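> Submitted below is the structure of interest, expressed as structure tokens.
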């Protein structure tokens, strides 16, 4: 029996011919590589969320730092105003010691006939001449404080010196020498570091009682 080569008929479909440019990827182990998976964008969303969280944390840290700086500046300004008031109190005490008589000051004693408020700087009846500005030669506030400190001296009257709480070695009371009078002149000193809210700076007010 003779065998003849198969001759395709004219009606048979043509066989697919692989193009020479088509390449098949193989792994180093001889197998075909799996098809590339589709990107769903999850990594991008996670990165954006982390970026937003980090931004919020950074803004909160900056806000806290600014708030602490403002608090520190206010505390510093308050301490400067307090020290200016203390300087004004010392200058006022020296003025009382140098005065010839209590008549040099505003008379708030029971016999003075005035109704003096607890804070004379808020008293509308206080004359402007009663407010003394601390001279720069005595204390120079420069630019540290709102302005040069001010003070008001008021004569409160002549009263008996109160007995001390502590026990004295002598039989005398009121820290006075034995045989001397136990009465003294009392003065009220009110000091202010500067006008309220002057140049957006802190202003403090101190008050003390001085005895002569």
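> Roughly speaking, what is the stretch gain from residue 54 to residue 99, that is 0.36 nm per residue apart minus the C-alpha to C-alpha distance, in nm to one decimal?
Working: separation 45, 0.36 × 45 = 16.20 nm, distance 6.79 nm.
Contour length minus Cα-Cα distance gives 9.4 nm.
> Taking other Cβ within 10 Å of each residue's Cβ, how do 156, 212 sort, fewest first?
Ordered from fewest to most neighbouring Cβ atoms within 10 Å, 156, 212 come out as 212, 156.
> Hey, fewest Cβ within 10 Å first, where do 132, 190, 122, 111 land in order? Write out the running numbers ahead of the final one.
Working: 132 17, 190 26, 122 11, 111 7.
The order, fewest Cβ neighbours first, is 111, 122, 132, 190.
> Now for a separate question. For 109, 145, 101, what's the fewest-to-most ordering of other Cβ within 10 Å of each Cβ?
Ranked by crowding around the Cβ, least crowded first: 101, 109, 145.
> Okay, moving on. What spacing in nm lies between the two simple spin-label points modelled at residue 69 and residue 114, each 7 Å away from Cα in the Cβ direction?
So the two model labels end up 4.7 nm from each other.
Read-outs throughout are calculated quantities, based only on the coordinates presented, and are distinct from any laboratory measurement. Keep in mind the model is a prediction, meaning the values are calculated, not measured. A quick note on method: Cβ atoms are made from the backbone with ideal geometry, for glycine too, and the neighbour counts reach across all protein chains shown.
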